[in-house]
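Take a look at the structure below.
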Amino acid sequence: MKNRKHSLTKHTKEIAIRNLFGFFAFLSVLLFGLILVFLFREGLPLFKQISVTDFLFGTAWYPTYEPPEYGIWPLIVGSLAVTFFACLIAVPLGILSAVYIAEIAPGGIKEILKSVIELLAGLPSVVLGFFGMVIVGPWLQETFDLPTGLNIMNAAVMLAIMAIPTISSISEDALYAVPREFKEASYALGATKYETIIRVIIPAALSGISTAVILGMARAIGETMVVLMVAGGAAAIPESIFDAVRPMTASIAAEMGEAPFRSGHYHALFATGIVLFVITLAFNLIADYISNRFRETGSGTL
Amino acid sequence: MEKDFIVRTKNVDFFYGAFRALSDVTVDFEKNKVTALIGPSGCGKSTLLRLLNRMNDLIDGTRVEGEILLEGRNIYAPDVDPVEIRQRIGMVFQKPNPFPKSIYNNITYAPKLSGIVDSEEIEALVEESLRQAVLWDEVKDILTKSAMTLSGGQQQRLCIARALAMKPDVILMDEPSSALDPISTAKIEELIDTLKKHYTIIIVTHNMQQAARISEYTGFFYLGKLIEFNATEKIFTNPDVKQTEDYITGRFG
Ligand SMILES: Nc1ncnc2c1ncn2[C@@H]1O[C@H](COP(=O)(O)OP(=O)(O)OP(=O)(O)O)[C@@H](O)[C@H]1O
Ligand SMILES: [Mg+2]
């Protein structure tokens with residue numbers, strides 16, 4: 001009888017622990033849901049005033065004029081432009097550094113590089129923005145004789161610095177996960193180290209590397225402080241990489257403080273937030289899809 | 001007739017760091033014959049095999065002493081490129097390890113590396129290698145499918161075909177059928193029997209019957225030493241050394 005009682009309390013304890021974990025897991029889902037509801041509740045009322053097409057593809061963003069104009073196309077282009085050029089820099093550098101760290105670097109250098117990249121990841125974005133404003137901006141302005149050094153180029157470089165650690169560390173894990181047997185098979189077939197890296201190791205790690213790239217992009221497009229500080233802030237469609245832009249995140253951060261509560265401007269900024277959310281969600285879904293798809297076939301046809 | 005030895009080792013010692021895995025191994029492998037290496041686990045069979053195509057170079061802190069000759073040339077001489085040695089001495093591993101690529105691209109891997117670009121030549125080579133490995137009929141309609149979709153036995157024959165496509169002189173096999181079912185094992189053994197017309201085969205196996213069935217020569221290793229090397233028939237009926245007899249009759253240790 002006594003024994004049974006003991007096992008009963010043990011059982012209730014397990015149930016309690018399970019429920020506790022379940023509660024915390026559910027809490028994060030709940031919080032996410034609440035934020036989402038809030039985002040949509042504050043953003044959607046805008047579309048009583050203007051149509052979705054006018055909002056997304058309108059080329060004039062004059063939210064404080066009378067009558068106001070809420071076309072965020074220049075902001076979308078701004079976000080995409082800085083992200084695109086940031087990736088142009090960060091993707092090759094991130095992947096190459098991952099390959100170097102995982103496959104080529106000798107022990108000592110490998111450890112140093114890894115910690116430097118980790119430090120880079122830990123750099124507060126406001127510090128990086130400051131660096132862009134004070135050092136890179138004036139340098140760009142002087143070297144290329146520009147009206148302003150705060151532009152797409154500057155933002156792309158800063159965002160690239162932020163995306164490199166993400167891309168590098170996830171790619172590195174993917175490279176480590178390539179089975180040793182593939183490498184041995186390649187060497188035994190008379191391949192050199194570099195042929196093995198290019199023809200076997202990188203293709204076998206491609207799903208992880210693609211995930212890394214997309215998460216790096218998501219990181220860049222959602223970044224706020226850096227672009228607020230160094231992208232220049234002009235809500236116009238850029239014509240060159242030396243033009244200033246106003247990415248969506250920068251616009252929200254800069255204007256939210258001054259937009260009257262539940263005004264058209266206020267709703268427009270939330271609606272911009274929805275667009276941003278949809279874009280990052282898409283990136284994450286694509287990353288998920290790619291890594292699952294490759295996992296099933298073992299990147300069979302590459 | 002003078003015997004033609006394609007690979008010979010002379011007084012070979014091998015070290016993993018301070019650990020001596022092989023001591024004073026001298027053995028000659030005859031051309032176009034099957035030689036089996038047997039012995040208890042950890043006695044250095046795989047180590048010797050991997051020495052012959054310089055795969056041990058990939059492990060840090062290893063050291064070789066003595067000479068290993070491929071057609072009279074020391075493959076550990078400073079001016080020898082290990083890549084060239086590996087192209088002449090193919091290897092099949094214990095666990096089938098096809099690349100996660102299509103069947104076709106698995107076979108073309110080595111030929112493309114060695115610079116063959118003519119697509120007709122490559123296609124012919126793919127068919128020839130797969131036929132030699134007795135896999136052609138099973139895969140000829142699915143060449144573009146991932147090699148990972150094949151069964152374990154098919155994968156191992158694909159790995160053999162992949163090595164054959166390199167046109168090696170010698171093929172090293174490290175327990176090639178230990179991960180396979182009896183039917184696949186029988187297929188691999190048949191395959192070895194046909195391959196020895198054109199290739200020298202050196203095979204490590206834990207399966208005594210297999211060694212007896214497929215090989216002309218057998219070497220018995222124990223604790224890093226070559227205890228006995230003889231014609232397979234002699235090893236299995238009337239070995240010179242007592243230890244050999246104990247091992248093959250299962251009375252060992
Ligand atoms: N990479 C390595 N580093 C250090 N020691 C090793 C390494 N590989 C093998 N050894 C050691 O060398 C000895 C011989 O190993 P080897 O793999 O050649 O044995 P084996 O005869 O092939 O055994 P098995 O039949 O189990 O495959 C063993 O004692 C093993 O522990
Ligand atoms: Mg072994």
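The values are calculated or read from the model by the stated rules, or taken from the named source; none is laboratory data. From a predicted model like this one, the values you see are computed outputs, not experimental measurements. When we count neighbours, we look across all protein chains shown, and the Cβ atoms used for this are built from the backbone with ideal geometry, even at glycine. Surface accessibility is based on the protein's heavy atoms, side chains included, excluding ligands, DNA and RNA. Shrake-Rupley method; radii C 1.70, N 1.55, O 1.52, S 1.80 Å.
List every residue pair whose Cβ atoms lie under 6 Å apart, where the two residues are 6 or more positions apart in sequence or sit on different chains, the first residue falls within segment B:90-106 and is touching a residue at least 40 places away in the same chain (Cβ under 8 Å), and the second residue, located anywhere, is of a type in the set (A, V, I, L, M) and within 16 Å of ligand 1 (Cβ to nearest atom).
B:MET91/A:ALA188; B:MET91/B:LEU172; B:VAL92/B:MET173; B:LYS95/B:ALA179
Name the residues in segment B:167-180 that are within 13 Å of ligand 2 (Cβ to nearest atom) and either part of a strand (DSSP E or B) or open to solvent by 50 Å² or more (accessible area, probe 1.4 Å) (or both), would you?
Step one: of segment B:167-180, the residues within 13 Å of ligand 2 (Cβ to nearest atom) are B:172-176, B:178-179.
Those that are within 13 Å of ligand 2 (Cβ to nearest atom) and either part of a strand (DSSP E or B) or open to solvent by 50 Å² or more (accessible area, probe 1.4 Å) (or both): B:LEU172, B:MET173, B:ASP174, B:SER178, B:ALA179.
So how many residues does segment B:35-53 have that are near ligand 2 (Cβ under 10 Å from one of its atoms) and part of a helix (DSSP H, G or I)?
Here the count works out to 6.
Among the numbered conditions (1) within 14 Å of ligand 1 (Cβ to nearest atom); (2) open to solvent by less than 50 Å² (accessible area, probe 1.4 Å), tell me where B:PHE99 comes up short.
So B:PHE99 meets the others, but not (1).
Hey, among the residues in segment B:80-96 that are assigned to a helix (DSSP H, G or I) and within 7 Å of chain A (Cβ to nearest Cβ), which one's surrounded by the most Cβ atoms within 10 Å (Cβ to Cβ)?
Looking at residues that are assigned to a helix (DSSP H, G or I) and within 7 Å of chain A (Cβ to nearest Cβ), I get B:ARG86.
Exactly one of (1) buried (at least 18 other Cβ atoms within 10 Å of the Cβ); (2) within 12 Å of chain B (Cβ to nearest Cβ) is unmet by A:THR166. Its number?
(2)
What number goes with the only condition from (1) surrounded by fewer than 21 Cβ atoms within 10 Å (Cβ to Cβ); (2) touching a Ser or Thr at 6+ places or on another chain (Cβ under 9 Å); (3) among the polar types (S, T, N, Q) that B:GLN156 does not pass?
Of (1) surrounded by fewer than 21 Cβ atoms within 10 Å (Cβ to Cβ); (2) touching a Ser or Thr at 6+ places or on another chain (Cβ under 9 Å); (3) among the polar types (S, T, N, Q), only one is false for B:GLN156: (1).
Can you tell me which residue is farthest from the other protein chains (Cβ to nearest Cβ) among those in segment B:182-237 that are in a helix (DSSP H, G or I) and within 16 Å of ligand 1 (Cβ to nearest atom)?
B:MET208
For B:GLY66, all conditions in the list (1) closer than 19 Å to B:GLY224 by Cα; (2) within 14 Å of another protein chain (Cβ to nearest Cβ) hold save one; what is the number of the exception?
(2)
Do you know which residues across segment A:181-201 are more than 9 Å from chain B (Cβ to nearest Cβ) and aliphatic (A, V, I, L, M)?
A:ILE197, A:ILE198, A:ILE201, listed by residue number.
Regarding segment B:106-113, can at least one residue be identified that is modelled with pLDDT under 95 and either away from every other protein chain (no Cβ under 14 Å) or within 16 Å of ligand 1 (Cβ to nearest atom) (or both)?
no
I'm checking my understanding of the structure. Among residues of segment A:239-273 that are open to solvent by less than 20 Å² (accessible area, probe 1.4 Å) and assigned to a loop (DSSP other than H, G, I, E, B), which one is farthest from A:VAL37 (Cα to Cα)?
Step by step, filter segment A:239-273, then rank; the result is A:PRO247.
Just checking, does segment A:172-180 include any residue being open to solvent by less than 10 Å² (accessible area, probe 1.4 Å) and away from chain B (no Cβ under 12 Å)?
Within segment A:172-180, one or more residues are open to solvent by less than 10 Å² (accessible area, probe 1.4 Å) and away from chain B (no Cβ under 12 Å).
Are any residues in segment B:58-97 aromatic (Phe, Trp, Tyr) and either within 16 Å of ligand 2 (Cβ to nearest atom) or within 17 Å of the chain's Cα centre (by Cα) (or both), and if so, which ones?
Listed by number, the list holds a single entry, B:PHE93.
From the list B:ILE214, B:ILE248, B:ILE235, B:ILE183, pick out the single residue that is farther than 25 Å from B:ARG54 by Cβ, aliphatic (A, V, I, L, M) and open to solvent by 60 Å² or more (accessible area, probe 1.4 Å).
B:ILE183
Residues that are more than 11 Å from chain B (Cβ to nearest Cβ), open to solvent by less than 10 Å² (accessible area, probe 1.4 Å), assigned to a helix (DSSP H, G or I) and modelled with pLDDT of 95 or more: does segment A:228-238 have at least one?
yes
Can you tell me which condition B:ALA77 does not meet? The list is (1) part of a loop (DSSP other than H, G, I, E, B); (2) among the small types (Gly, Ala, Ser); (3) within 16 Å of ligand 1 (Cβ to nearest atom), and all the others hold.
Checking B:ALA77 against (1) part of a loop (DSSP other than H, G, I, E, B); (2) among the small types (Gly, Ala, Ser); (3) within 16 Å of ligand 1 (Cβ to nearest atom), the one that fails is (3).
Of the numbered conditions (1) touching a Lys or Arg at 6+ places or on another chain (Cβ under 8 Å); (2) away from ligand 1 (no atom under 16 Å from the Cβ), B:MET55 fails exactly one; give the number of that condition.
(2)
Kindly check whether there is at least one residue in segment A:27-43 that is in contact with a His (Cβ under 8 Å, 6 or more places away or on another chain), in a helix (DSSP H, G or I) and not assigned by TED's automatic domain parsing to the domain that holds A:GLU172.
If we filter segment A:27-43 for residues that are in contact with a His (Cβ under 8 Å, 6 or more places away or on another chain), which is where we start, we get A:42-43.
Within this subset, residues satisfying the condition of being in a helix (DSSP H, G or I) are A:42-43.
Next cut, not assigned by TED's automatic domain parsing to the domain that holds A:GLU172 only: A:42-43.
Yes - at least one qualifying residue is present in segment A:27-43.
Out of everything in segment B:21-52 that is more than 13 Å from ligand 1 (Cβ to nearest atom) and among the polar types (S, T, N, Q), what residue ends up being farthest from B:PHE221 (Cα to Cα)?
B:ASN32
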